[in-house]
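Q: Have a look at this one before I ask anything.
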Amino acid sequence: MALTKNKEVLEFVNTCAELTQPDKIIWIDGSANQIKQLKSEAVKSGELIKLNEHLLPDCYLHRTAVNDVARVEDRTFICTANKEDAGNVNFWLDPKLAYHLASEIARASMKGRTMYVIPFSMGVVGSEFSKIGIEITDSIYVVLNMNIMTRVGKSCLDRLGKTGSFTKCFHAKCNVDADKRYILHFPEDNTIISVNSAYGGNVLLGKKCLALRIASYLGKNEGWLAEHMLILGVTFPDGEKKYIAAAFPSACGKTNLAMLIPPKSYLERGYKIECVGDDIAWIRVGEDGRLWAVNPENGFFGVAPGTNERSNFNALQATKRGTIFTNVALNTDDMTVWWEGLSEHCPPNMLDWTGKPYDGSGTAAHPNSRFTAPAVNCPCVSPDFNSETGVPLSAIIFGGRRATTTPLVYQAKSWEHGVFIGSAMSSETTAAASGQTGVLRHDPMAMKPFAGYHMGDYFAHWIEIGKQLKKPPEIFNVNWFRQDADGKFIWPGFGDNMRVIEWILKRCGDNPIGAEETPIGFVPKPDDINIEDMNLSVDALKEILSVDKDKWIKEAEEIEKYYAETIGSRIPDELYACLEELKRNCKNKKEG
Ligand code: GTP
Ligand code: SPV
Ligand code: MN
């Protein structure tokens, strides 16, 4: 039975039902009972495998089709009336054509199946800053994941009332035919359509589709920012708290940084890290002229490989109950899960992520295998997690995977310079999206796959926001991934990243510590990064803090080419001024 009298919702549900012709329609009310029923149904049908109730209570394993294991950027479209508004970085389809294409694919595709209606809220239900969506889907896996990742249920419909508007999210699994897979966004209609996939980022439509692509467009028009950023809180020994947001591309360390456990000496002094969010931040200018950030999600859709007791204890703890694992390996001896990096050796009697006995060739878990874990499970989840106003930002960090060139950390000279640094980011591709991994590509502000409009307008929007700030956060860039001649990471990373966070926060506020000015910005004096009790030599530290002017002359040329050839028009003058300054600095310092 319909759970609302909202005409627009009822019309949307009816239209979808007429098109897809499901046998049954189920409204998701968010009750524990209903969720329990769906889980047992999914176990019966084989869509979920129940894991060891004693070791992993209420946890399940799900395997996707082998052709459906990551986001598909080349099949993701921004469908605006004018092609130019989508920008050159996005793929574009004419909205009329896109609606027609998707309708034909989805027509009658739910025959013999159940259609679920999921009312959900990105952000605390009823908060001024939250957004309501309705996702239609024929996948129980999607319902159960959305129930972890977002706030789901009748309260969202009550919030809408009879007339409230919402994001229309339509998903049909169809035959998971990769050639007919489309992830379509209609920002001008507040609508998302996803067909022929059943993998995370393509189908949990509240996440990348709504909370980034659609939200970035709304943010542009409403004067706020939707960003691919973690949010963390740092508590100092004296009890003071500061907050940082950081944008790294997919599978480049957001979840890990958001939950880091500081090295022993920091813990002993009373430092503490709390996680407000691990993937998405919605950011607004507060009345006090500072930036305030909320995490619109309610759970973590985290990368499994590499997660272990030492690298990310908090994430691992979060997966101990009420978690859905996707494409990890199954230990048939005790019905627990395993992935590369969980322990040093793979236990015997494993089924790999496709369900076949694992013989040691290839990986047991898919490189983009994931866990969907409720945020409340995380031992370091912030008390501000459900704060409606969010948390004030002292610093914004950009970063990526760079084997060379980019130092461990450097600081922008101004807001505009920080926006320039974000706009010029490059990073090596990862398994989070289909395609080759390890290829260096531009990924401005980690938003290349997620900006719902023209990238040049997006940069301009950042510049505009900066003009409204009385107390802008300091902006930094980090790189945990510099490599030595043997291709090994020089910086140990993970918990030791706290040492960089400490420097960053010492550069914020009224009495910043000193730093070295280089052609690219401010770099720490080697003595100011605490490497006590750490497996890193002073020389290695100096190496990863170094700025090679020749490499940066090339980098600047590359940025210029990217601006001109890929982003094209609409890049604000402020960014060109920063580019010119970078070129000048590299040249001057070289001659001087
Ligand atoms: P998405 O969920 O795809 O947006 O990824 P993410 O940015 O949250 O990345 P995540 O923290 O899950 O890390 C991805 C991979 O990078 C994992 O395999 C981690 O083990 C690895 N990683 C994270 N932090 C560090 C670090 O400081 N150093 C090194 N060397 N690897 C890291
Ligand atoms: C990412 O790829 O950045 C993710 C996973 O966080 S997905 O939800 O698939 O986008
Ligand atoms: Mn992400």
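The values are calculated or read from the model by the stated rules, or taken from the named source; none is laboratory data. This one's a predicted model, so the numbers in the text were calculated from it and none came from an experiment. Here the Cβ positions follow ideal geometry from the backbone for every residue, glycine too, while neighbour counts run over all protein chains shown. In case anyone asks, the SASA skips ligands and DNA or RNA and just uses the protein heavy atoms, side chains included. Shrake-Rupley method; radii C 1.70, N 1.55, O 1.52, S 1.80 Å.
Q: In this structure, is GLY452 within 18 Å of GLY201 (Cα to Cα), away from ligand 1 (no atom under 13 Å from the Cβ) and open to solvent by 30 Å² or more (accessible area, probe 1.4 Å)?
A: When the stated conditions are applied, GLY452 does not pass them.
Yes or no, residue by residue, for (1) of a type outside the set (Gly, Ala, Ser); (2) touching a strand residue (DSSP E or B) at 6+ places or on another chain (Cβ under 9 Å); (3) in contact (Cβ under 8 Å) with a residue 60 or more places away in the chain:
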position: ASN479; (1), (2), (3): yes, yes, yes
position: ASP484; (1), (2), (3): yes, no, no
position: PHE489; (1), (2), (3): yes, yes, no
position: VAL500; (1), (2), (3): yes, yes, yes
position: PRO512; (1), (2), (3): yes, yes, no
position: ILE520; (1), (2), (3): yes, yes, yes
position: MET534; (1), (2), (3): yes, no, yes
position: VAL547; (1), (2), (3): yes, yes, yes
position: ARG570; (1), (2), (3): yes, no, yes
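Q: Report whether or not THR4 is open to solvent by less than 40 Å² (accessible area, probe 1.4 Å) and under 23 Å from PHE166 (Cα atoms).
A: It is true that THR4 is open to solvent by less than 40 Å² (accessible area, probe 1.4 Å) and under 23 Å from PHE166 (Cα atoms).
Q: Among all residue pairs at least 6 apart or on different chains, which show Cβ distances below 7 Å where the first residue, located in region 226-240, is of a type in the set (Phe, Trp, Tyr) and the second is more than 16 Å from ligand 2 (Cβ to nearest atom)?
A: From residues that are of a type in the set (Phe, Trp, Tyr), the pairs are PHE236/TYR271.
Q: List the residue pairs whose Cβ atoms are under 7 Å apart, where the first residue sits in region 97-112 and is closer than 14 Å to SER139 by Cα, the second is part of a helix (DSSP H, G or I) and among the hydroxyl-bearing types (Ser, Thr, Tyr), and the two are 6 or more positions apart or on different chains.
A: Note: pairs meeting the criteria are ALA106/THR20; SER109/THR20; MET110/THR20.
Q: Sticking with this one: Look at region 233-272 and say how many of its residues are within 16 Å of ligand 3 (Cβ to nearest atom), over 19 Å from GLY509 (Cβ atoms) and in contact with a helix residue (DSSP H, G or I) (Cβ under 7 Å, 6 or more places away or on another chain).
A: Of the residues in that region, 7 qualify.
Q: Taking into account only those residues within region 410-433 that are of a type in the set (S, T, N, Q), crowded, with 24+ Cβ neighbours inside 10 Å and away from ligand 3 (no atom under 16 Å from the Cβ), which is farthest from ARG71 (Cα to Cα)?
A: That would be GLN411.
Q: Quick one: which strands (runs of 3 or more DSSP E) lie wholly within region 182-232 and hold at least 2 residues that are more than 14 Å from ligand 3 (Cβ to nearest atom)?
A: In region 182-232, the matching strands (runs of 3 or more DSSP E) lie at 182-186, 191-195.
Q: Right, another one. Tell me which strands (runs of 3 or more DSSP E) are completely within region 8-108 and hold 1 or more residues being buried (at least 19 other Cβ atoms within 10 Å of the Cβ) and β-branched (Val, Ile, Thr), or say none if there are none.
A: 76-78
Q: Of all the residues that make up region 514-529, how many are open to solvent by 30 Å² or more (accessible area, probe 1.4 Å) and within 16 Å of LEU582 (Cβ to Cβ)?
A: Number satisfying all stated conditions: 2.
Q: Right, next: How about region 337-360: which of its residues are surrounded by fewer than 22 Cβ atoms within 10 Å (Cβ to Cβ) and β-branched (Val, Ile, Thr)?
A: Of everything in region 337-360, just one residue is surrounded by fewer than 22 Cβ atoms within 10 Å (Cβ to Cβ) and β-branched (Val, Ile, Thr), namely THR354.
Q: To continue, here is another question. Take the conditions in contact with an Asp or Glu (Cβ under 9 Å, 6 or more places away or on another chain) and in a helix (DSSP H, G or I) and apply them to LEU257. Does it pass?
A: yes
Q: Give region 434-462 a look and list any residue that's away from ligand 2 (no atom under 16 Å from the Cβ) and either under 19 Å from ILE244 (Cα atoms) or in contact with a Gly (Cβ under 6 Å, 6 or more places away or on another chain) (or both), or say none.
A: HIS454, MET455, TRP462
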